[in-house]
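First comes the structure, then the notes that go with it.
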Amino acid sequence: MVKVYSINECPWCKKVKAYLNQKGVEFQEVNVEEDEAGLADMIKLSNQRNVPVIEINDDFVIGFDR
């Protein structure tokens, strides 16, 4: 399972979602601007408020780099 924590006007968030779509990877998007519980989950996972955070099988990546 892949989960992408993002905000509305984040160019890197848009890039990671486009990349995952291009590769045919299914993911769940959590908009942390609109979802307080999602924000809390992201901070608990990564100890950061920076986006995007990509959660993959109980591990995570901050930012986007192919």
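The values are calculated or read from the model by the stated rules, or taken from the named source; none is laboratory data. None of these values were measured; they are calculated from a predicted model. Using ideal geometry, Cβ is built from the backbone for each residue, glycine included, and neighbour counts are taken over all protein chains shown. We work out accessible area using only protein heavy atoms, side chains counted, and drop any ligands, DNA or RNA first. Shrake-Rupley method; radii C 1.70, N 1.55, O 1.52, S 1.80 Å.
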Could you run through the range 29-44 and say how many residues are open to solvent by less than 90 Å² (accessible area, probe 1.4 Å) and part of a helix (DSSP H, G or I)?
-> 7
With respect to GLU55, is the statement that it is under 13 Å from the mean Cα position of the chain (by Cα) and in a strand (DSSP E or B) true?
-> yes
Only unsatisfied item for ASN47, checking (1) open to solvent by 70 Å² or more (accessible area, probe 1.4 Å); (2) in contact with a Phe, Trp or Tyr (Cβ under 9 Å, 6 or more places away or on another chain); (3) not small (Gly, Ala, Ser), is (2)
Criterion (at pLDDT 95 or above and touching a strand residue (DSSP E or B) at 6+ places or on another chain (Cβ under 7 Å)) met by exactly one of GLU33, GLU55 = GLU55
Hits in the range 42-64 (condition: without any contact (Cβ under 8 Å) to a residue 24 or more places away in the chain and among the acidic types (Asp, Glu)) = ASP58, ASP59
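Kindly establish whether ILE56 is out of contact with any helix residue (DSSP H, G or I) (no Cβ under 8 Å at 6 or more places or on another chain), surrounded by 14 or more Cβ atoms within 10 Å (Cβ to Cβ) and β-branched (Val, Ile, Thr).
It is false that ILE56 is out of contact with any helix residue (DSSP H, G or I) (no Cβ under 8 Å at 6 or more places or on another chain), surrounded by 14 or more Cβ atoms within 10 Å (Cβ to Cβ) and β-branched (Val, Ile, Thr).
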Can LYS3 be described as open to solvent by 40 Å² or more (accessible area, probe 1.4 Å), at pLDDT 95 or above and either hydroxyl-bearing (Ser, Thr, Tyr) or part of a helix (DSSP H, G or I) (or both)?
-> no
List every residue pair whose Cβ atoms lie under 9 Å apart, where the two residues are 6 or more positions apart in sequence or sit on different chains, the first residue falls within the range 9-28 and is within 11 Å of VAL51 (Cβ to Cβ) and outside any loop (DSSP other than H, G, I, E, B), and the second residue, located anywhere, is among the charged types (D, E, K, R) and open to solvent by 60 Å² or more (accessible area, probe 1.4 Å).
-> CYS13/GLU29
